[in-house]
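Written below as structure tokens is the structure these notes are about.
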Amino acid sequence: MTNNQTPTSAPLTDEERNRKSRKRKAILASGAVLGVGAVVTLAAWNDTVFGAGTFGIGNTAWNVQASVDGTNFDEYADSAAPGVISFPVVAGVNPINLMPGQTTKGSFWLKETKGFMDADVTIQAPANATNTLAQALYVTIKDGSTTLVNNKQLSASGISTTFRVTKATAKKIDFEVTLPANANPNLLVDTSVTPRWEMKAQSVDNP
């Protein structure tokens with residue numbers, strides 16, 4: 001009886017070995033490509049970092065206050081409750097009973113209280129001084145020997161020259177109000193006026 005089956009242990013020919021080797025390399029190459037693709041799409045490194053900053057106004061805090069006596073300072077930030085400048089009676093000149101040719105004088109102090117920055121200040125014209133007496137009166141404002149407002153009509157005195165208030169140091173400003181010698185009493189329908197000067201301050205970022 002003849003057996004037509006090929007023995008399983010028969011050696012491979014060179015062509016068969018080459019064909020199997022090429023197939024095995026192709027499978028390995030395909031697996032390598034698939035393997036790299038799997039790592040890229042299915043896994044990733046993760047990390048987190050934080051940044052922080054601290055802010056404040058420790059060395060830039062700034063405030064300007066005023067005083068009517070050079071000693072006691074307050075905010076006086078409300079136009080309805082200003083610091084009342086004292087115009088004392090001197091040599092018979094009474095600020096509420098002025099005669100033509102008389103001048104009354106008073107002082108006002110400003111101070112930057114925090115001690116970090118200076119202040120540049122301008123004095124605004126008193127917006128509420130518009131009556132006939134305000135039109136007759138003239139005002140001069142001085143910073144020591146420096147004239148900030150030079151003999152201007154009280155009702156339209158304009159903005160003063162800018163002056164500096166050094167940090168943590170009081171600055172005295174002098175006001176002089178004059179009823180000119182040629183004032184015409186027939187034109188003074190109003191017998192009193194209470195001007196309010198606004199003093200605008202701006203910080204100076206100095207070292």
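What follows draws every value from the coordinates through simple rules; no lab data is involved. Just so we're clear, the structure is a prediction, and the values are computed from it rather than from any experiment. Quick reminder, even Gly has a Cβ in these numbers, built from the backbone with ideal geometry, and neighbours come from all protein chains shown.
Quick notes on this one:
- Cut-off 18 Å, label 7 Å out along Cα→Cβ of residue 122, residues of region 165-191 by amide N: 165
- In region 68-114, Cα pairs under 8 Å separated by at least six residues give a relative contact order of 42 percent.
- Non-local lysine pairs in region 102-204, meaning eight or more places apart or on different chains, with alpha-carbon distances under 12 Å, amount to 7.
- If R0 is taken as 22 Å, the Cβ-Cβ distance between residue 145 and residue 96 corresponds to a FRET efficiency of 0.15.
- In order through region 108-123: 3J(HN,Hα) via Karplus (6.51 cos²θ - 1.76 cosθ + 1.60), integer Hz, x for Gly, Pro: 9, 10, 10, 8, 8, 9, 7, x, 10, 9, 6, 9, 9, 10, 10, 9
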